[in-house]
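The values are calculated or read from the model by the stated rules, or taken from the named source; none is laboratory data. For clarity, every value in this text was computed on a predicted model and none was experimentally measured. Positions of Cβ are generated from backbone atoms using ideal geometry, with glycine treated the same way; all protein chains shown enter the neighbour counts.
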Amino acid sequence: MQFLSAGQIVLQSFVRLMPVWASLAIVLGLSLAFRKKLGLYGHVVQSPTGFVGLFLVGFWLFAAIFGRAIGLFDPLGQIAEMKDALPGAIDPHSGLPYLFGGDKLARDVFSRVIAGARIVLIIAPLATLLALSVGIALGLPAGYFGRRVDSVLSFLANLVLAFPIILLFYLLVSPGILETPIPCTLAAIFFAFPIALFSVFFVAGYRAQPMKHAIRLAATLLAGAWLFATFVFDADPFGLMRVSPSTLNIFIAVALASGPGIFRIVRSLTLDIKTREYVLAAQTRGESPWYIMLWEILPNARGPLIVDSCLRIGYTTILLGALGYFGLGMPPESPDWGTMIKESSRFMRIFVHPALPPALAMMSFVLGLNLLADAIREQSLRD
Amino acid sequence: MASFLARQLGVMLLTMLCLTLIVFYLVNLEPNLRKLAISQTEMHATSQELEGWLVRNGYRRPFFARYATWLGIWPKQPAVDPATGAASPRFSYCDEPKAPTFSGVLQGDLGCSTKFRTKVANKLGAALEATGLLMFWVMALMIPVALAVGVISGMREGSRTDRTLSVISIATTSTPEYVSGVVLTIVFATWLGWLNGSAASATEGHLSFYNFTLPVVTVSIYGMGYVARMTRASMIEVMNAQYIRTARLKGLSFASIVLKHALRNALIAPFTVIMLLFPWLLTGVVIVEVMFRYQGFGQALVDAAGNNDIDLLLACSLVSVMLVLATQLISDIGYAWLNPRIRVH
C-alpha cells in the first residue's frame, strides 16, 4: 500500500477544505472591512478572542455546509483493505487517499469527521433553540408573577437539575423507550412552547399594529403546525424532512437537560428587569402582563441571553457527544463525533489516529463558541 | 435559621420523593421490565417464561404498591410458586424475607441488585468508597490550581498573564472529559508510556501515581477552568472595590493588598461555585470511570442502567440527588457564613 508523506497530507487536507477557507475569507474579510457599521458584531470581530472564536465556529459551520463536497469517501462506506490504515494511505481502487487514515471498520476518518460536523451542527443549535424557547416561556412568568407560579416552576426546574444527566439519558434515550408514548408526549409538550411563545408574542402586540401582527400570527401557526407534524409525528406533509424517532428522542433529552439552566437565567434576568422604570411605566399604562414580559422585558434581556446561548450550544454539543460516547440514541455506525470517540477509544493503545480527529474537532468547535461568548460579553460590557 | 433549614429539608424530601417516583416509573416501563426478565432468565426463554418470571418476582403487582414496598411503607412479599403456593425468598443471593415484612428505604434496606447478585448496600458501599477516593484527589488537585489561576489572572485585569490564563481556562471548559481523556491517554499512555491508560488495578487497592493520575486529571480539567473564571471575576470585582483603593492610597505594597485585603473576600463566590460543581462533576466521574475502567459509583450507575437493575438504579439516583441537594444547602449556608452581609432568613 502506498502512503502520502506528512507534508502531502497537510497540503491535500488544506486543498480539500478549500470551499471552507474561501467562505471564511469572504465572511471574515467583509466583517472586518465593514466593522464600523456592524455595531456590536463589528467590535466582536475586531477583538482577538472574538476573531478566533468566529473563525473556529465558522470553520465548522462551512465544513457542515460543504460536507458532501469536502469528504472524499462515503462516511459509512467500508473498503476492506483500508482497515486501520495509517494516515495518508492510498486506496488502491480509486487512488484517493484516506487523509487521516481508516478506522476499525475500514472507513475514512477524514470524511467521517466532516460528515459528523453536519450532524452536530444541525442538532446542537436546534436543540438549544428548543430549550431556549422552553426556558423563556417558563422563566418570564416565574420571574414576573413570582409567588406560587415561581415556586412550582422553580421546583420543577430544580427537580430536573437534581437528576444526574447520565441517568436521565440512559432512562430517556434507551431503545426500549421508543415503544412507549413517552418521547412523543414529551416532544408534543416541548414543541408546543415555541409555537405558544410566538403566538402570545404577536397576540400581545396586536393592539399596536393589528394587521401586521395578524399576518405574523397566521404565519406562526402555519409554521408551527408544520414543525409539529414533522418533528412530533414524523409526518411532514410536504415530505421535505424526516425526523426519526431516535433523533427526536435525542432532541428531547438534550433540551430537557439544558432547559432548566436557561429557565433560571431568564427568571433572574426578569426579576432584575421588572423593577426598571420602563416596566413600571408600561404597568401604569395598563398593558397586559404578557405584553410587558415579551415586548418590554425580553428585548432588554437579550444581551445576557445571547451570550448564554453561545455557551449553551457548546454545552449541548458536549451533551450530544456524551450521548454518542455512551452509545445512546445515535445508530452505532453514525459518524457523529461522540460515537466516533467511543468507537476509537476502545483501541486507543494500538491505533491512535482514528481517535484524535473527532476529539480535536469537538474541542475546537466548543472552544470557538466559548471564545465567541466571552468576546460578546466583554464587548457588550464595554459600551 | 431553624425555619430556613426545616423548609429546605422539606423541599429536599419532596424532591427526592418525586425524583425516585419518576425513575421508578421509567424503569418499570414494559420494555425495561422485559429487558430485565431476559437478562435474568436463561437464554431462549419463551415469552411465557419471561412473563412467569415477572409475575413470580412480584413485578406485575400494582405500580404504587411496589413503589410503597420500595419505600418501606408496604410489606415486601416473597416469591410465591403459582403451582404449590409455597413462599420462597425472591432473590436467594440477597437473603430476602420469606414472609411479608416491611423492608424498604425507610428501614435502611436498599434492595437487591439483580445484575451484581448482591445486596445494593454492599455494592454501592464499595463503589462509593472508590468514587470518594477519586473525588478527593480531584478536589485536591482542582481547587488549589483553579483558585491560584483565578486570583493571579484577576489581580491585574487585562494584563498579558491574565489574557493567557483566561484563554487556557476557556480551553479547559471546552474540553469535555471524553475528549481530554482520549487526548491525555494518547499522549501520556500510548506515546510517552509514563502513565497507565487504565485504572482497573486502582480499584483493587493498588492506588498509585501510575494508574490514578490520568483519571484524576481528566475529571479536574473540565471543572478547573470554570472555577478559575469565577474566581477571576470575583477577584476583579474585589480589586475595584473602595477599600482596596484606600489600601493602595495608604501606600501598602501590592502583595500585601492582595494577600491581606483582597483574597479573603474574593474567595467567597468561588466557594459557592465549587459546591455547585459537585453534581456537575458527577457526570464527569461517570465518563471517566467508564473510560478508565474504574469500578466506582459511575460504573455501577452505567451497569445498572444498561441492565435495568431496578433497585441499584433507584439507589444510585437517591445518592446523586442527595449529593445535589446537600451541596446546594451547604453552598447557601456557607455563603451566608462566609459573607457577614448576608443573613439567611
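Please tell me if residue A:30 is surrounded by fewer than 18 Cβ atoms within 10 Å (Cβ to Cβ), free of Cβ contacts under 8 Å to residues at least 12 places away in the same chain and closer than 19 Å to residue A:379 by Cα. Full working, then the answer.
Working: surrounded by fewer than 18 Cβ atoms within 10 Å (Cβ to Cβ): yes; free of Cβ contacts under 8 Å to residues at least 12 places away in the same chain: yes; closer than 19 Å to residue A:379 by Cα: no.
Judged against the criteria, residue A:30 is not a match.
Set side by side, the residues A:124, A:142 differ, and just one is surrounded by 20 or more Cβ atoms within 10 Å (Cβ to Cβ), among the small types (Gly, Ala, Ser) and either free of Cβ contacts under 8 Å to residues at least 24 places away in the same chain or within 14 Å of chain B (Cβ to nearest Cβ) (or both), which is A:124.
Give me the helices (runs of 4 or more DSSP H) completely within segment A:1-98, filtered to those with at least 1 residues that are polar (S, T, N, Q) and touching a Pro at 6+ places or on another chain (Cβ under 6 Å), ordered by residue number. Counting at least 1 such residues, we get no helices (runs of 4 or more DSSP H) at all.
The set of residues from segment A:347-365 being over 22 Å from residue B:230 (Cβ atoms) and either touching a strand residue (DSSP E or B) at 6+ places or on another chain (Cβ under 7 Å) or in a helix (DSSP H, G or I) (or both) comprises A:356, A:357, A:358, A:359, A:360, A:361, A:362, A:364, A:365. When segment B:289-298 is limited to residues that are within 11 Å of chain A (Cβ to nearest Cβ) and within 19 Å of residue B:323 (Cα to Cα), the one that is farthest from the chain's Cα centre (by Cα) turns out to be B:289. Restricting attention to segment B:306-333, the residues that are within 9 Å of another protein chain (Cβ to nearest Cβ), modelled with pLDDT of 85 or more and over 12 Å from the mean Cα position of the chain (by Cα) total 1. Working only within segment A:78-106, note down all residues that are of a type outside the set (Asp, Glu) and without any contact (Cβ under 8 Å) to a residue 60 or more places away in the chain. The answer is A:78, A:79, A:80, A:82, A:83, A:93, A:94, A:95, A:96, A:98, A:106.
Reported count of residues in segment B:50-72, each being part of a helix (DSSP H, G or I), farther than 14 Å from residue B:27 by Cβ, touching a helix residue (DSSP H, G or I) at 6+ places or on another chain (Cβ under 6 Å) and in contact (Cβ under 8 Å) with a residue 24 or more places away in the chain, is 1.
Scanning segment B:145-196 for residues that are over 24 Å from residue A:326 (Cβ atoms), facing chain A (nearest Cβ under 8 Å) and aliphatic (A, V, I, L, M) gives B:167, B:170, B:171.
When you go through B:120, B:138 one by one, which is the residue that is within 30 Å of residue B:170 (Cβ to Cβ) and either modelled with pLDDT of 85 or more or of a type in the set (A, V, I, L, M, F, W, C) (or both)?
Details: B:120 fails: within 30 Å of residue B:170 (Cβ to Cβ).
Selected residue: B:138, the only one of B:120, B:138 that is within 30 Å of residue B:170 (Cβ to Cβ) and either modelled with pLDDT of 85 or more or of a type in the set (A, V, I, L, M, F, W, C) (or both).
Only a single item in (1) touching a residue at least 40 places away in the same chain (Cβ under 8 Å); (2) under 24 Å from residue A:310 (Cα atoms) is not met by residue A:38, and it is number (1). Among residues of segment A:338-350 being more than 9 Å from chain B (Cβ to nearest Cβ) and of a type outside the set (Val, Ile, Thr), the one that is nearest to residue A:244 (Cα to Cα) is A:340. Just one of the numbered conditions (1) of a type in the set (Gly, Ala, Ser); (2) within 13 Å of chain B (Cβ to nearest Cβ); (3) crowded, with 20+ Cβ neighbours inside 10 Å; (4) more than 30 Å from residue A:268 (Cα to Cα) is not true of residue A:329: (2). Test residue B:302 against the stated conditions and say whether it is at pLDDT 80 or above, part of a helix (DSSP H, G or I) and within 11 Å of another protein chain (Cβ to nearest Cβ). Yes: the conditions hold for residue B:302. One residue is enough: does segment A:300-309 have a residue meeting the conditions among the small types (Gly, Ala, Ser), more than 10 Å from chain B (Cβ to nearest Cβ), free of Cβ contacts under 8 Å to residues at least 40 places away in the same chain and closer than 20 Å to residue A:134 by Cβ? Yes, there is a match, as at least one residue in segment A:300-309 is among the small types (Gly, Ala, Ser), more than 10 Å from chain B (Cβ to nearest Cβ), free of Cβ contacts under 8 Å to residues at least 40 places away in the same chain and closer than 20 Å to residue A:134 by Cβ. Taking first residues from segment A:164-179 that are within 7 Å of chain B (Cβ to nearest Cβ) and without any contact (Cβ under 8 Å) to a residue 40 or more places away in the chain and partners that are surrounded by fewer than 20 Cβ atoms within 10 Å (Cβ to Cβ) and charged (D, E, K, R), the Cβ contacts under 8 Å between residues at least 6 apart in sequence or on separate chains come to A:176/B:34; A:176/B:35; A:179/B:30. Only residues that are free of Cβ contacts under 8 Å to residues at least 24 places away in the same chain and surrounded by fewer than 19 Cβ atoms within 10 Å (Cβ to Cβ) were counted in segment A:256-281, giving 6.
Quick test for you: out of A:321, A:368, pick the one residue that is assigned to a helix (DSSP H, G or I) and facing chain B (nearest Cβ under 7 Å).
Unique residue meeting the criteria: A:321.
Go through segment B:1-49 and count every residue that is away from chain A (no Cβ under 14 Å) and assigned to a helix (DSSP H, G or I). Final tally of qualifying residues: 10.
Criterion first (without any contact (Cβ under 8 Å) to a residue 60 or more places away in the chain and more than 11 Å from chain A (Cβ to nearest Cβ)) does residue B:280 satisfy it? No, not satisfied.
Here is a list: A:195, A:165. Which entry is at pLDDT 80 or above, touching a Gly at 6+ places or on another chain (Cβ under 6 Å) and not aromatic (Phe, Trp, Tyr)? Before the answer, list the steps.
Numbers: A:165 fails: touching a Gly at 6+ places or on another chain (Cβ under 6 Å).
Step by step, each of A:195, A:165 is checked, and only A:195 is at pLDDT 80 or above, touching a Gly at 6+ places or on another chain (Cβ under 6 Å) and not aromatic (Phe, Trp, Tyr).
Could you pull out the residue among B:221, B:170, B:186, B:244 that is surrounded by fewer than 19 Cβ atoms within 10 Å (Cβ to Cβ), part of a helix (DSSP H, G or I) and not small (Gly, Ala, Ser)? Spell out how you get there, then give the answer.
Working: B:221 fails: surrounded by fewer than 19 Cβ atoms within 10 Å (Cβ to Cβ); B:170 fails: surrounded by fewer than 19 Cβ atoms within 10 Å (Cβ to Cβ); B:186 fails: surrounded by fewer than 19 Cβ atoms within 10 Å (Cβ to Cβ).
Within the list B:221, B:170, B:186, B:244, the selection yields B:244.
Just to be sure I understand, how many residues within segment B:208-233 are β-branched (Val, Ile, Thr), closer than 15 Å to residue B:180 by Cα and touching a residue at least 40 places away in the same chain (Cβ under 8 Å)? Spell out how you get there, then give the answer.
Within segment B:208-233, the subset β-branched (Val, Ile, Thr) is B:213, B:216-219, B:221, B:227, B:231.
Among the residues that remain, those that are also closer than 15 Å to residue B:180 by Cα are: B:213, B:216-219, B:221.
Among the residues that remain, those that are also touching a residue at least 40 places away in the same chain (Cβ under 8 Å) are: B:216-219, B:221.
Residues meeting the conditions: 5.
Checking the structure you have, find out if any residue of segment A:192-208 is within 14 Å of chain B (Cβ to nearest Cβ), closer than 30 Å to residue B:25 by Cβ and surrounded by 13 or more Cβ atoms within 10 Å (Cβ to Cβ). No - not one qualifying residue is present in segment A:192-208.
State yes or no: is residue A:100 more than 29 Å from the chain's Cα centre (by Cα) and either modelled with pLDDT of 85 or more or at negative phi (or both)?
Working: more than 29 Å from the chain's Cα centre (by Cα): no; either modelled with pLDDT of 85 or more or at negative phi (or both): yes.
Against the criterion (more than 29 Å from the chain's Cα centre (by Cα) and either modelled with pLDDT of 85 or more or at negative phi (or both)), residue A:100 does not qualify.
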